[in-house]
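Chemist: Below is the structure I would like to discuss, written out as C-alpha cells.
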Number of protein chains: 2
Amino acid sequence: MDLLVVGSVALDSVKTPHGSVNEALGGSATYFSIAASYFTHVNLVAVIGNDFPEEHLLFLKGKGIDLAGLKRQEGRTFRWRGEYLDQMNEAKTLATELNVFESFRPTLPPAYIESPYLFLANIDPELQWDVLSQAKRPKLIACDTMNFWIDRKRNALVKTLGALDLLIINEGEARALACRDNIVCAAKHILSLGPKTVIIKRGEYGAVMFAGDTVFACPAYPLESVCDPTGAGDSFAGGLMGYLAQQDKINDQTLREGVIYGSVMASYNVEAFSLNRMRHLTKRDIATRYQAFKALTAF
Amino acid sequence: MDLLVVGSVALDSVKTPHGSVNEALGGSATYFSIAASYFTHVNLVAVIGNDFPEEHLLFLKGKGIDLAGLKRQEGRTFRWRGEYLDQMNEAKTLATELNVFESFRPTLPPAYIESPYLFLANIDPELQWDVLSQAKRPKLIACDTMNFWIDRKRNALVKTLGALDLLIINEGEARALACRDNIVCAAKHILSLGPKTVIIKRGEYGAVMFAGDTVFACPAYPLESVCDPTGAGDSFAGGLMGYLAQQDKINDQTLREGVIYGSVMASYNVEAFSLNRMRHLTKRDIATRYQAFKALTAF
C-alpha cells in the first residue's frame, strides 16, 4: 500500500570520530523514504532548491520513490551542519540554513491524498496538522517531533497528537513532552493525549513500544562501529512504516515486527555516512539482520 | 548445587524521591544471597559488627542461607548512606563507614571450599584473588567490581579477571575497564582479559551478555515506579547465579534464562526500599514476571 511521507530533504555536512562528509544527501523524509522503499511504494512530499544535485533525484527515483510531491523552488536547499563527539549520543548542531525549507507549505498532489499510510516527519506541528486536513481517511497516521516544537508549539503539537495513531519519539523528547522522568509514566501520559501507540527511541539502547497495557522492548543491534548516527530515527520510522504498509495490517504482532524492521534499517544506516549503507542494501541483508535480532533476543 | 558468595553485609541509609530508610539491611552479599535463595542453597561469607540486629540474621536464616561464613567481629557493622536524585540512575554517596569491613579478610569455612558456584561481589580484587586461592575447582566463578578498583587496583583486578568464567559489570565500569566507549568493543576487550562471558548491566535499559561471538540483550522490566535502586545489580547477579546453580548446567541457553531470572529479581528488588520486596516474594511471583519478560520481548 502507498506510504506518504512529509518532511525535509537536505544537504548535510557531518563530522564524527570516523570522518566527515560535506553537503551529502540528508533530511528526515529522505532517510525515511529510502528505508521504507525496501518494503512498499513511497510518496514523498518535501521541498528542494534549484541547487539540489540531479544525482540525488536519480537515486530516489531508482528506489521507486514517487517524486510528484517533491517541489523544486527558487533558492538554496535546506542545509544542516553538525558534529558527533566521542559518545555519539547526540548531535551538536553547528549551523542550520533553512533556505527554501523556511517557507515550506506542504501540498499533497491529488494522487497522494488517499495514501492509506501517512508519516509526518519532524516539522512544525501546524504544518503537520495542515497535511492531516488534506489527507483522506488514512488507515494509519504516524508522526515524529522534537524538543524545539515541544518547547515552542506545545498547543499545536497536542492538537496533532489528538489525531494520531502512532507517535515515534526520542526518549528525552518523550520525557519533555510528558513532563515525566519515568519512561513508563511518560508513555502513559502521551497515550492519554491521543495516540493509540507510542514508540520511544532510545538510541544505542533500542526502542520500546507502548499500546494500551502492552509493552514491547527491542534492543539496538550491537555494532562495533557507529560511523554516523544521522538519520537513524527516520530510518527506523521508515522501516517500521514501510513494513506496516506492506503488510497492510495493524495489530500487536505486525507492530512488533515493524519495530524490529525499523531497528534493522536504523542499524544499517548508522554503519556509514549519509545514506551510503542503505543505498546498497539488499532484501537478503534485511532478512539476515532480522534473524540476527531473533538470535539477539531469544531465550 | 551450593552457591558461595563473598561480599558485604551492611546497614544502609537511603533517600530517594519516594522516601527514605535509616540503617536498613543492605550490602552486596545480602542482596545477592536473598535473590539467589529462591533458586538454590547459598553459603554466605561476610563480616558484621556486634551491633548487627538479630532480626536480620533470622531473616537470612529463614531464607535457608548458610551463615557459617558470616563472621561477627568486635566493632560496628559497615554502614553506607546515599541518595538518589530525580533520574534515579546513580547513587550519590553521602557517607561510607567501613567499620569492621575495613579489616575483612574472607576465610572460607571448610564446608564451603568445594562450593561449585562462586560469586565474588564487589570487594578489593586482592581479596577476590585470595578467595579464589582457597576455593577448590569451582565449576563457575563470577565476579563484580567497580570504578574504585578499576582506578586504583587495575593490576590486581586484571589478575582476578584472568581466572574468571563470568564478569558481571555496570556499563560505565565496562567502558572504564576496557578504556573503550563502544560497548561491543569494550566487551570484546574484557573477554580478551580472561572471562568466557561478560554481562553488562545497563540499569533501566536492561543487560547485554557477550560470550564468544554470541550476544544476548535483555530489556529491564518497565516499572512505573522505581522506589530504591540500591542492590539492583546484586539482586540481578543473585537471580542469575542462583538459577545457574539450580540448573547445574552452563551453556548459552541457561545463561540467557539466567539473565532473565536476574532481571526478574532486580525488577522486584527496586520496587521497595532495602530488601522489603524480595522478602515477601513467592516462586509464583518469579514465574509470573519471567513470563512477562517473554511477552515484553516476543516478536
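Every read-out reported here was derived from the displayed coordinates using simple, explicitly stated rules and does not represent laboratory data. Owing to the predicted nature of the structure, the values given are computational and were not obtained by experimental measurement. Glycine also receives a Cβ, built like all others from the backbone with ideal geometry; neighbour counts cover every protein chain displayed.
Chemist: Using a label position 7 Å from Cα in the Cα→Cβ direction, what is the ascending list of nm distances from residue A:85 to the same site in the other copies?
Modeler: Copy-to-copy label distances at residue A:85, shortest first: 1.8 nm.
Chemist: Follow-up. If you add up the charges near residue A:265, with Lys and Arg at +1 and Asp and Glu at -1, over every other residue whose beta carbon is less than 15 angstrom from its beta carbon, what do you get?
Modeler: Its environment carries a net charge of +1.
Chemist: On to the next question. For the charge dipole of the protein assembly as shown, defined by +1 on Lys and Arg C-beta atoms and -1 on Asp and Glu C-beta atoms about the Cα centroid, which residue among A:208, B:53, A:13 has the Cα displaced farthest towards the positive pole?
Modeler: Farthest towards the positive pole: A:208.
Chemist: Excluding residue A:66 itself, what net charge comes from residues whose Cβ is under 14 Å from its Cβ, given Lys and Arg +1 and Asp and Glu -1?
Modeler: +1
Chemist: Scan chain B for the residue whose Cβ is closest to the axis carrying it onto chain A, then write down that distance in whole angstrom.
Modeler: With distances in whole Å, chain B gives B:205, 2.
Chemist: Build a GNM of chain A with springs between Cα atoms under 10 Å: which of A:97, A:271, A:74 gets the top mean-square fluctuation?
Modeler: Comparing A:97, A:271, A:74 in the GNM, the peak value goes to A:74.
Chemist: Treating only the Cβ of Lys, Arg, Asp and Glu as charged (+1, +1, -1, -1), what charge dipole size does chain A show about its Cα centre? Round to the nearest 20 debye.
Modeler: Result for chain A is approximately 560 debye, rounded to the nearest 20.
Chemist: Still on this structure, please answer the following. Which of the pairs A:196/A:283; B:139/B:188; A:61/A:283; A:153/B:15; A:92/B:92 have their Cα atoms more than 25 Å apart in this structure?
Modeler: Violating the 25 Å limit, Cα to Cα: A:196/A:283; A:153/B:15; A:92/B:92.
Chemist: Using +1 on the beta carbon of Lys and Arg, -1 on that of Asp and Glu, and nothing else charged, what's the dipole of region A:7-92 about the Cα centre, debye to 20?
Modeler: With only Lys, Arg, Asp and Glu charged at Cβ, the dipole is about 140 debye.
Chemist: Then there's this: Just to confirm a number: summing +1 for Lys and Arg and -1 for Asp and Glu over residues other than residue A:43 whose beta-carbon lies under 12 angstrom from that of residue A:43, what do you get?
Modeler: Computed value for this residue: -3.
Chemist: For region A:207-215, what does the Karplus curve 6.51 cos²θ - 1.76 cosθ + 1.60, with θ = phi - 60°, yield as ³J(HN,Hα) per residue in whole Hz, taken in order and with x for Gly and Pro?
Modeler: With the stated coefficients, region A:207-215 comes to 9, 9, 10, 10, 8, x, 9, 8, 10 Hz.
Chemist: Another question about this same structure. Note down the magnitude of the dipole of region A:1-158 about its Cα centre, charges +1 on Lys and Arg C-beta and -1 on Asp and Glu C-beta and zero elsewhere, to the nearest 20 debye.
Modeler: 340
Chemist: Cut-off 10 angstrom, C-alpha nodes, Gaussian network model of chain A. Which of A:229, A:219, A:17 fluctuates the most?
Modeler: Between A:229, A:219, A:17, it is A:17 that shows the largest mean-square fluctuation.
Chemist: Quick check on region A:3-297: what are the equivalent-ellipsoid semi-axes from the Cα gyration tensor, as sqrt(5λ), descending, whole Å?
Modeler: Over the Cα atoms of region A:3-297, the ellipsoid semi-axes are 25, 23, 20 Å.
Chemist: Further question: Put +1 on the Cβ of each Lys and Arg and -1 on the Cβ of each Asp and Glu in region A:3-297; which of A:161, A:254, A:40 then has its Cα farthest toward the positive end of the dipole?
Modeler: Of the listed residues, the answer is A:254.
Chemist: Order by neighbour count: B:118, B:60, fewest other Cβ atoms within 10 Å first, most last.
Modeler: Least to most surrounded, the residues fall as B:60, B:118.
Chemist: Return the single residue from A:143, A:185, A:218 with maximal mean-square fluctuation; model: Gaussian network over chain A, springs between Cα atoms under 10 Å.
Modeler: In the Gaussian network model the winner is A:185.
Chemist: Give A:63/B:294; A:71/A:249; B:159/B:201; B:63/B:136 a once-over and call out the pairs whose C-alpha atoms are over 29 Å from each other.
Modeler: The pairs that break the limit, which is 29 Å between Cα atoms, are A:63/B:294; A:71/A:249.
Chemist: OK, next. Could I have the simple spin-label model distance between residue A:68 and residue B:179, label points 7 Å from Cα toward Cβ, reported in nm to one decimal?
Modeler: Taking the two extended label points, one gets 6.0 nm.
Chemist: Separate question: Could you tell me how many cubic angstrom of Cα convex hull volume the protein assembly as shown has per residue?
Modeler: Roughly 140 Å³ of hull volume per residue.
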